[in-house]
Amino acid sequence: MYVLNGPNLSRLGTREPDVYGAETLADLTALCRDTGRELGLSVEVRQTDDEAEMIAWLHEAADGRVPVVLNPAAFTHYSYALRDAIAQRTAPLIEVHISNPAAREEFRHTSVVAAVATGTIAGFGLRSYVLALQAVAEIAQ
Ligand code: DQA
């Protein structure tokens with residue numbers, strides 16, 4: 001399965017640490033791989049700042065019936081192209097956020113992807129990914 005991360009998430013650790021914490025993308029990758037191992041999931045973690053690349057990964061997941069944990073980052077709030085790619089999913093896709101967007105600026109209150117995801121987990125720091133991986137392990141056949 002894939003853990004896909006959108007724009008600016010390569011900057012974890014230095015990016016607004018008061019909001020996103022001190023841990024890096026490398027820490028997040030290790031956490032997801034370790035959690036996957038415990039749950040019997042083979043986890044591939046990717047990050048891109050590029051909308052087209054993210055859409056290509058979602059097409060790949062849809063073609064391969066691969067479950068996805070997705071942090072769409074800022075794409076969450078405006079990318080109908082990402083939404084249309086997610087709508088093609090053939091396996092569970094969990095939307096995750098490190099912060100709780102509902103408790104932040106107004107523009108973050110809208111997710112244009114939530115309605116086509118299996119579900120959303122937000123606000124638990126990097127634990128959001130652990131919870132999402134647990135959800136995948138429970139619901140994916
Ligand atoms: C985020 C929340 C988004 O609003 C923001 O644009 C991000 C990160 C999160 O994980 O909390 O880049 O998706």
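The values are calculated or read from the model by the stated rules, or taken from the named source; none is laboratory data. Since we're looking at a predicted model, the values are computed, not measured. Counting neighbours? That spans all protein chains shown, and the Cβs are built from the backbone with ideal geometry, glycine included.
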Task: Of all residues making up the range 1-22, the number that are buried (at least 16 other Cβ atoms within 10 Å of the Cβ) and modelled with pLDDT under 95 - done: 2
Open item on the list: Can you confirm whether THR29 is under 25 Å from ARG108 (Cα atoms) and touching a Pro at 6+ places or on another chain (Cβ under 8 Å)?
Closed with: no
Task: Residue satisfying all of: in the range 13-24; in contact (Cβ under 8 Å) with a residue 60 or more places away in the chain and not in a helix (DSSP H, G or I); farthest from the ligand (Cβ to nearest atom) among these - done: GLU23
Task: Of residues in the range 51-89 being more than 18 Å from VAL112 (Cβ to Cβ) and among the acidic types (Asp, Glu), the one farthest from the chain's Cα centre (by Cα) - done: ASP63
Task: Residue ID - surrounded by the most Cβ atoms within 10 Å (Cβ to Cβ), chosen from residues in the range 25-54 that are of a type in the set (S, T, N, Q) and within 14 Å of the ligand (Cβ to nearest atom) - done: GLN47
- [ ] Those residues that are under 18 Å from LEU25 (Cβ atoms), part of a helix (DSSP H, G or I) and touching a helix residue (DSSP H, G or I) at 6+ places or on another chain (Cβ under 8 Å), I need them from the range 94-141; list them, please.
- [x] TYR129, VAL130, LEU133
- [ ] Please indicate, with yes or no, whether at least one residue in the range 98-105 is polar (S, T, N, Q), within 13 Å of the ligand (Cβ to nearest atom) and surrounded by fewer than 16 Cβ atoms within 10 Å (Cβ to Cβ).
- [x] yes
TODO: Count, please, the residues in the range 58-80 that happen to be farther than 24 Å from ARG15 by Cβ and in a helix (DSSP H, G or I).
DONE: 7
Open item on the list: Going through ALA122, ALA91 one at a time, which residue ends up being more than 13 Å from the ligand (Cβ to nearest atom), among the aliphatic types (A, V, I, L, M), modelled with pLDDT of 95 or more and closer than 16 Å to ALA135 by Cβ?
Closed with: ALA91
Open item on the list: If ALA87 satisfies all but one of (1) over 19 Å from ASN8 (Cα atoms); (2) free of Cβ contacts under 8 Å to residues at least 12 places away in the same chain, what's the number of the condition it fails?
Closed with: (2)
